[in-house]
Amino acid sequence: MTITCLALLGRKDEPTDAVEEYCRYLAAALRAQDIQLDIVRVSWDIQGWQGALQVLHYQSTKWRDTWVLVQYTALTWSARGFPHRVLRVLKILKSAGARVGIVFHDVQPYAGTRLIDSVRRFDQIHTMRRALALAELSVFTVPPERLLWMTTPSPNTVFIPVGPNLPIPPLSPEFSHQHADPTMGVFSITGGAAGVREIQIILAAARYAAQKLGKLRLSVFGRNAECRQSELREGLGDLPIELMVEGVVDPPEVVQRLSACDVLLFVRGSISSRRSSAIAGIACGLPIIAYAGPETAAPITDAGVVLVSPDRPDDLNIALVRVLSDASYRMDLAAHSRATYKTHFAWTAIAARLSAHLKVR
């Protein structure tokens, strides 16, 4: 018998909504587990909170004993990252008799040193702790023991990483990334000041590799890539680097771009099992060079990931040259990525783990 579940989302992100994509890929994989996952939105950004909650009150009268998996990020439930209103959503669901789960895509409070940052951080931690207490099932996309704000993990807490949000084809054992010129990829860049820092890191790594190895290819694509094109071209100067820059492309084309690379640079903060852009590279059988951080733990560390410290910039440059110049090392890393993807990050594996928790409760 097929079980019907709901994924409850807040406002839609633009130009791409990674949480919605997560839900759609998960829904497709759950069908093999006899679970139908439908997507519903609380459109507070369009209807206003009062109107959106009134609609939810009405809808939830039909959801008694139905699993409703609330998808949490701070900005999904607040334009400025004060997400406490999601607690009202959880209480409405519980009062309607729904079985309430919450999937934490954001697992850490936002950083910052201003007074407003401290207030926002307090609100986020309070909201996550209260949500954890209200939910019958809490799914974390990183190991909960890595989270300092969680003092005592609930017995209803489980760890399930995210998948790649891409249509990944089967990879043969001989799959590798061999080209006339070594190719490094960058999938998406953060907006704002963080993006400026990322561009500086990418340029420094590309310059170093070109000086050591000669002619290279650099493929930068995805969110915020096009608006950084002039900085990239200016920063590379007369170096023998073929630069390709594209903005947001369709998921099959993302797979094509990644499959044309020999290594993926992931410098959007530290790597973890909730960073779908990094997992995309693992799913495509790529070696990854990335920063280690508080969320960095297995199974992400089981993949072909070379971890470096953000406090030692030369380590990233040296790691890049080794991966691009040592074919045996590169192929070994790629094999680890393929194996880890199949075991932990493939949607079939994710759906099987979630299904087990939904069916036994």
The range 154-168, residues that are over 15 Å from S277 (Cβ atoms), of a type outside the set (V, I, T) and in contact with a Phe, Trp or Tyr (Cβ under 9 Å, 6 or more places away or on another chain)
F159, P167
Pairs returned, first residue in the range 296-313 that is assigned to a strand (DSSP E or B), second residue that is surrounded by 16 or more Cβ atoms within 10 Å (Cβ to Cβ) and polar (S, T, N, Q), beta-carbon separation under 7 angstrom, 6 or more apart or interchain, are L307/T296
Might you let me know whether the range 278-285 holds any residue that is surrounded by fewer than 24 Cβ atoms within 10 Å (Cβ to Cβ) and either touching a strand residue (DSSP E or B) at 6+ places or on another chain (Cβ under 8 Å) or not aliphatic (A, V, I, L, M) (or both)?
no
Which of the residues spanning the range 2-39 are outside any helix (DSSP H, G or I) and of a type in the set (D, E, K, R)?
R11, K12, D13, E14, D17, D34, D38
Restricting attention to the range 154-191, which residues are part of a loop (DSSP other than H, G, I, E, B), modelled with pLDDT of 90 or more and buried (at least 18 other Cβ atoms within 10 Å of the Cβ)?
I160, P161, V162, G163, P164, N165, L166, I168, P182, S188, I189
Has the range 313-325 got any residue that is touching a Pro at 6+ places or on another chain (Cβ under 7 Å) and within 27 Å of W67 (Cβ to Cβ)?
no
Output the residues belonging to the range 214-245 that are of a type outside the set (F, W, Y) and closer than 15 Å to A280 by Cβ.
S219, V220, G222, R223, A225
Quick one: is R129 of a type outside the set (V, I, T), touching a residue at least 12 places away in the same chain (Cβ under 8 Å), farther than 22 Å from I92 by Cβ and in a helix (DSSP H, G or I)?
no
Show the residue pairs that are 6+ apart or on different chains and have beta-carbon atoms under 6 Å apart, the first residue being within the range 62-78 and within 14 Å of L90 (Cα to Cα) and in contact (Cβ under 8 Å) with a residue 24 or more places away in the chain, the second being part of a strand (DSSP E or B) and β-branched (V, I, T).
V68/V100; L69/V103; V70/I102; Q71/V103; Y72/I102
Counting only residues that are surrounded by 15 or more Cβ atoms within 10 Å (Cβ to Cβ) and out of contact with any helix residue (DSSP H, G or I) (no Cβ under 8 Å at 6 or more places or on another chain), which one in the range 54-74 is nearest to A27 (Cα to Cα)?
L69
The correct count of residues that are surrounded by 20 or more Cβ atoms within 10 Å (Cβ to Cβ) and on the phi > 0 side of the Ramachandran plot in the range 16-53 is 0
Look through the range 104-135, keep the residues that are among the acidic types (D, E) and buried (at least 17 other Cβ atoms within 10 Å of the Cβ), and return whichever of them is farthest from L75 (Cα to Cα).
D123
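The values are calculated or read from the model by the stated rules, or taken from the named source; none is laboratory data. If you're wondering where the values come from, they're calculated on a predicted model, not measured in any experiment. Using ideal geometry, Cβ is built from the backbone for each residue, glycine included, and neighbour counts are taken over all protein chains shown.
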